[in-house]
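Here the structure comes first, spelled out in structure tokens, and everything after it is commentary.
Every number here is computed from the coordinates shown, using simple stated rules; none is lab data. All values reported here derive from a predicted model rather than from experimental measurement. Quick reminder, even Gly has a Cβ in these numbers, built from the backbone with ideal geometry, and neighbours come from all protein chains shown.
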């Protein structure tokens, strides 16, 4: 048994949507955390550290949310750290927690990702704040928004890989069809290709229906060292590989602005640690902030060399060679930023363990699954590889 | 429910980027030329792609060619190859026709310094 083993003993997600029920981010964090602790079958007092993923204080009007949530969750006294890496915040937190366990500095660590990205501010205000995800002094001050930057990167990508408007519509339909089977999802829609292609441009070639929504919600994990894992959870999925990397902040400083090179680098690191190849991955939750970004991600991760044809051949559908975003992804399940990367790991772990939503659960779960996030236009990348537990 | 308004007025010091930011306010393109490999970065990179942090400011002509372009309700934006630069930059397009691909940097029409490109034709007419 390796001392580096990190067991996913607890995993939970709240619904992702625009809250209209009077609840706030403290409620969602507590709901996800309590359910993860219950699944882990441990006492709260056994948790030695808390990592909180939250992208922006402007969403919650709360600095130092890790200390606030430590109190809210009954963890006062533990080390509490807030992690932020734009859209990658969730997996930055997961990886910090897992590394602490690998360093044998804790028995169990809680990871909570949460953001009120939908209900606390207007959509225009949130989008303006997202503009600060990019170099404020250069790209940011042009007034460019996230969608436009992604659109420019995607155009460089599609010139090489010959994806099409049909490709964008197919990703959109596929992810949101999956979301229809996920009761926690924000956008369970079944738009036709005609409806997608008729939706208004946000930043060409991206139309409104090619974009992920702004969502509220939380996700939580309890990660444990093997020697401290309760017997009842000893066969739970494990985190076996992690990688993180960065790319030039300026799209124009990259040798190829269409390629997500940081993701490729992070994936190589994660595969090396896991001792597997990208082609061994047969299930992935990838960062689909926009429909084209999913195709760019799959290519960068080494899950395809022909994104357009593999997509149209059904390789990424629930019954395909490598199902992608069974949760619905950001486009379908939703995107409360800090929660996103944590939720991806939750989804992968639950599918590997065979306890995901019944209509999405794979009857024969694969050996390995991949959770992939990034911040900026893949300026910060973080990917995590999970495997089935010891008994599988 | 708590309704809360926060108004913040920032004063941001531009530090080593000051020549670049000052240039933008005047519609000038101040780039950074690497002392080691001679590559020119615009927007300027403090550390060149070759890894050297030794460089000097260099004026560009301020003209550039659109590589990729996007259009939407928030405006037109492009990835632009500025003449004389070895890197590309994001710019806001001002009054750019759909078929125009070359333009010249102009000062932003807002209080913020910003990278804005307008067609050469318009500049010549002025």
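Note on chain A: GNM, Cα springs under 10 Å; of A:350, A:160, A:238, the largest mean-square fluctuation is that of A:160. The angle between the Cα long axis of helix A:146-161 and the main principal axis of chain A comes to about 70°, on a 0 to 90 degree scale. Helix A:337-353 axis versus longest C-alpha principal axis of chain A: approximately 70°, rounded to the nearest ten. With neighbour counts taken as other beta-carbon atoms within 10 Å, the residues A:63, B:8 rank, fewest first, as B:8, A:63. Once you order the gyration tensor axes a ≥ b ≥ c over the Cα atoms, which shape class does the protein assembly as shown get: rounded for a/c under 1.5, otherwise prolate or oblate by comparing a/b with b/c? Prolate, since a/c reaches 1.5 and a/b exceeds b/c. For the segment B:73-86, counting C-beta atoms of other chains within 10 Å of every residue's C-beta and taking the mean gives 4. Extending 7 Å from Cα along the Cβ direction at residue A:58 and again at residue B:37 yields two label points whose distance is 3.4 nm.
Each Cα pair under 8 Å and six or more residues apart adds its sequence gap; the mean of these over the residue count of chain B is a relative contact order of 21 percent. At an R0 of 35 angstrom, the distance between the Cβ atoms of residue A:235 and residue A:79 translates into a FRET efficiency of 0.75.
Relative to its Kirkwood radius, the Cα radius of gyration of segment B:14-60 gives an Rg/Rh of 0.97. Remark: spin-label model distance residue A:390-residue A:164 equals 5.2 nm, labels positioned 7 Å along the Cα→Cβ axis. Rounded to two decimals, what is the ratio between the C-alpha radius of gyration of segment A:322-381 and 2.2 N^0.38 Å? This ratio for segment A:322-381 stands at 1.15.
When only C-alpha pairs under 8 Å and at least 6 residues apart count, what is the relative contact order of segment B:1-46, in percent? It rounds to 25 percent for segment B:1-46. Its relative contact order, with pairs defined as Cα atoms under 8 Å and 6+ residues apart, puts chain A at 26 percent.
Relative to the longest principal axis of the Cα atoms of chain A, helix A:89-102 runs at roughly 30 degrees. Between rounded, prolate and oblate, where does segment A:271-392 land on the alpha carbon gyration tensor, with a ≥ b ≥ c its root eigenvalues, rounded for a/c under 1.5, else prolate if a/b exceeds b/c? Verdict is rounded for segment A:271-392. Within the listed set A:206, A:132, A:150, the Gaussian network model of chain A (springs between alpha-carbon atoms below 10 Å) gives the highest mean-square fluctuation for A:132. Given the options A:312, A:249, A:61, which has the most mean-square fluctuation in a GNM of chain A, springs set between C-alpha atoms less than 10 angstrom apart? Among A:312, A:249, A:61, the largest GNM mean-square fluctuation belongs to A:61.
Let me make sure I get this right: for segment A:78-219, a, b and c are the square roots of the gyration tensor eigenvalues over alpha carbons, sorted descending. Under 1.5 in a/c it's rounded, otherwise prolate if a/b > b/c, else oblate. Which is it? Cα axes put segment A:78-219 in the prolate bin. Per residue of A:131-143, other chain Cβ atoms within 10 Å of the residue Cβ number 6 on average.
By the count of other C-beta atoms within 10 Å, a proxy for reagent exposure, B:4, B:10, A:154 are ordered fewest to most as B:10, B:4, A:154.
Listed from fewest to most Cβ neighbours within 10 Å, the set A:273, A:353, A:43, A:285 follows the order A:43, A:273, A:353, A:285.
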